[in-house]
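As structure tokens, the structure follows; a few thoughts come after it.
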Amino acid sequence: MEKFVIEGQRKLYGEVKVSGAKNAAVAIIPAAILSDGLCRIENIPNINDVTIIAHILEDMGAYINMVDKTTLEIDTKNIKNPIAEYDAVRHMRASSYLLGALLGRFHRAEVSLPGGCDFGVRPIDQHLKGFMALGASHSVEGGMVQVSSQRLIGADIYMDVVSVGATINSILAAVKAEGTTTIENAAKEPHIVDLANFLNSMGADISGAGTDSIKIKGVKSLSGTTYTIIPDQIEAGTYMVAAAAAGGDVLIKNVIPKHLESITAKLIEMGVTVKEYDDSIRVVRTGAINKCNVKTMPHPGFPTDMQPQIAALLSIANGTSIVNESVWDNRFKYIDELNRMGAKISVDGKVAVIEGVPELLAAPVKASDLRAGAALVIAGLAARGTTTIEDIKYIERGYEDIVGKLSSIGANIKKVYVPDEVVSIPKAL
Ligand code: EPU
């Protein structure tokens, strides 16, 4: 079993470079299915989720070539069969994007029901609503979702909930439909804008991405392209919060400060110094952390994907903070682990009450999902003593070389391999 071992209470100093955005990459890679040519995608993050989605496409017949560490070439012309039933598909939420992309190209798709991090019910009703508005029908059989349509015809789609995935899937299905589609109450996350820019660079006609009303004029074909993915907003935010929790002075490079505004605002409210530059952001923390209330919201609100990390920081703030999770039903599974480290947090439904403690104390803990794992890393950096984190596979799904990046700014963090314990079971008495 692999674990992270963190010797806490080392201040962080120096520079750290943010990788390409995971949630943009996992949408843009399947979107290449819609292209008739070669797509060269730059600033690809080197993380397991990207490897998995690229393998899924390769298994379906696509040409995939990792040109260098951050550049991926994809040519999907040899995909003949719009069916994705591999085991990997079930374990990855973003594999639902195969539905929209395959439907858009073949007017038919069959994909294993998507899984992903477990923090409550993860329905796809709004994705299906988008497809149906365009004229498709759907069924679910043997764990596979099937969608098909003779023709896809542009339509007005109103999303009942603001959903990143459903917005992306509706764009993918509509981009080559006949006529014009509008998506109202669309999600506005930076990776939605990035996906629209990628598709437009291939000849799509999408406007309004980044607002709650997106207009897509269908086009007949999409060419190949060269495209650079935006920096990862959540990875950047995680390093910002890590610097605040451990203390020190860190310059986080390759960021879009505008994407980080909600995180910056909260850190400033907590008494942390944050300075924005063109494509970098500096976080300095010398004094105490002030309590602060946080409510997660769709973009441009405070991102749910930063909720566990900010809670870890608030656990050492002066006073009591309230964190309200308004996007997911059950995203507080990590709280028990923080409490094992001496945090004083109680949860009631979608609200966590965090009574700040003077310091966290190291403990063996387990990551329950990607951002929960990031929160435990942050807690470990701030805690007194040596923290070990199990189930780091979740963390490595979404953070490129987190050990190397944190070590480069002075953290004492190592990835170690520990043989699984052989437990001898006593004979029944
Ligand atoms: N929802 C529905 N019906 C649907 C779709 C969603 O009711 O058809 C609900 C969900 O249950 C949830 C809310 O809408 O309560 C928002 O879900 P959304 O569809 O926006 O989430 P997602 O597309 O499945 C993406 C990110 C998540 C991030 C959420 C919210 C990717 C691959 N995943 O998920 O990222 O938490 O948006 O911002 O983009 C992560 O990176 O750690 C991560 C989990």
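The values are calculated or read from the model by the stated rules, or taken from the named source; none is laboratory data. Given the structure is predicted, the values throughout are model-derived calculations rather than measurements. FYI the Cβ positions are ideal-geometry reconstructions off the backbone, even for glycines, and counts take in every protein chain you see. Accessible surface is based on the protein model in full, side chains and every heavy atom, while ligands, DNA and RNA are left aside. Shrake-Rupley method; radii C 1.70, N 1.55, O 1.52, S 1.80 Å.
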Rounded to the nearest 10 degrees, what's the angle between the helix 190-201 long axis and the longest principal axis of the chain, both from Cα atoms, 0 to 90? 30
Would you mind telling me the antiparallel percentage of the DSSP bridges in the chain, rounded to 5? 70
Between helix 164-174 and the chain, what is the angle of the helix's C-alpha long axis to the longest principal axis, kept within 0 to 90° and rounded to the nearest 10? 20
Loop sites in the range 1-72: trypsin sites (Lys or Arg not before Pro), DSSP, at most 15 other Cβ within 10 Å: K69
For N339 and D36, compute 0.36 nm times the residue count separating them, minus their Cα-Cα distance, and round to one decimal in nm. 103.8 nm
In square angstrom, rounded to the nearest 10, how much accessible surface does E42 have for a 1.4 Å probe? 50
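For the chain, count the residues as N, evaluate 2.2 N^0.38 Å, and divide the Cα radius of gyration by that value, please.
Values: Rg = 22.0 Å, N = 429, 2.2 N^0.38 = 22.0 Å.
For the chain, the normalised Cα radius of gyration comes out at 1.00.
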Note down the accessible area of M297, probe 1.4 Å, to the nearest 10 Å². 90
Could you derive backbone 3J(HN,Hα) for the range 262-269 from the dihedral phi with the Karplus parameters 6.51, -1.76 and 1.60 (θ = phi - 60°), listing whole Hz in sequence and x where the residue is Gly or Pro? 5, 6, 4, 4, 5, 5, 5, 4
Count charges around A383 for me, please; just the other residues with Cβ under 15 Å from its Cβ, Lys/Arg as +1, Asp/Glu as -1. +2
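Would you work out what percent of the accessible area of the chain, with all protein chains in place, is carbon or sulfur (probe 1.4 Å)?
Accessible surface attributable to carbon and sulfur in the chain totals 50 percent.
For the range 205-302, state which trypsin sites (Lys or Arg not before Pro) are in a DSSP loop and have at most 15 other beta carbons lying within 10 Å of their beta carbon.
K220
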Determine the gain in length on full extension of the stretch S201-E141; use 0.36 nm per residue of separation and subtract their C-alpha separation, reporting nm with one decimal. 18.0 nm
So what is Rg over Rh here for the range 22-228, counting just Cα atoms and using Kirkwood for Rh? 0.92
In nm, give the distance between the simple-model label positions of D278 and L361, each being 7 Å from the Cα along the Cα-to-Cβ direction. 5.0
Probe 1.4 Å, all chains present, heavy atoms only: D160 accessible area in Å², nearest 10, is 90
Inter-site label distance for K258 and S213 at 7 Å from Cα along Cβ, in nm: 2.0
Give me the percent relative contact order of the range 231-326, please, defined on Cα pairs under 8 angstrom at least 6 residues apart. 28
Please give the FRET efficiency for M132 paired with Y63, using the beta carbon to beta carbon distance and R0 = 22 Å, rounded to the nearest 0.05. 0.10
Can you list the HN-Hα couplings for the range 131-137, worked out from phi with the Karplus curve (6.51, -1.76, 1.60; θ = phi - 60°), rounded to whole Hz and with x for Gly and Pro? 4, 5, 4, 7, x, 8, 10
Pairs of alpha-carbon atoms within less than 8 angstrom and 6+ residues apart define the contacts here; what relative contact order does the chain have, in percent? 20
Write out the trypsin sites (Lys or Arg not before Pro) in the range 357-408 meeting two conditions: DSSP loop, and at most 10 other Cβ atoms within 10 Å of their Cβ. none
Per residue solvent-accessible surface (Å²) - the chain, probe of 1.4 Å: 40
What number, rounded to the nearest 500 deg cm²/dmol, is the helix-based mean residue ellipticity at 222 nm of the chain, given -39500 (n - 2.57) per DSSP H run of at least four residues and division by all its residues? -8500 deg cm²/dmol
